[in-house]
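Comments concern the structure below.
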Amino acid sequence: MRSLRTAAIAVIVLAPTIAQGQTVADAEAGKKLALNVCAQCHFVAESQTTIPRSDAPPFDEIAADPAVTELGLRVFLQTPHRNMPDLHLSRQETDDVIGFILNMKAQAGGK
């Protein structure tokens, strides 16, 4: 009983601190950003007007990959890659693009 009370107090005290550092992903903003930035190389959505590079995986394939996770996408987007420009996305932009891809994954029936 005492440890349960201690845990509850810790959650009450720490929750505001934890929540302050978090951002909420906006999948629609992520789609718009992807269409403006990522679609120069990737196939992002039917509505895009640019022709993507053949060596850049389409977003629907990325979303369909069972190994793709939020953490994996975050690490990938924050790590320079040989064939991908260094985008310098803000934390919110990163969250939004990840939210868009994970939304695609959920709509396709993935986790």
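Just so you know, all these numbers are worked out from the coordinates, no wet-lab data involved. Please read all numbers here as calculations on a predicted model, not as lab measurements. As a convention, Cβ positions derive from the backbone with ideal geometry for all residues, glycine included, and neighbour counts pool all protein chains shown.
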Residues of region 76-101 with backbone nitrogen within less than 11 Å of a virtual label 7 Å along the Cα-to-Cβ line of residue 45, please, listed as ranges.
100-101
Can you check how the C-alpha radius of gyration of region 24-107 compares to 2.2 N^0.38 Å, as a plain ratio?
0.99
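What FRET efficiency do you get for residue 92 and residue 71 if R0 is 22 Å and r is their Cβ-Cβ distance, rounded to the nearest 0.05? Mind dumping the intermediate values first?
Values: r = 17 Å, r/R0 = 0.79.
E between residue 92 and residue 71, to the nearest 0.05, is 0.80.
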What nm value, rounded to one decimal, do you get for the distance between residue 108 and residue 54 when each label is placed 7 Å out toward the C-beta?
2.1
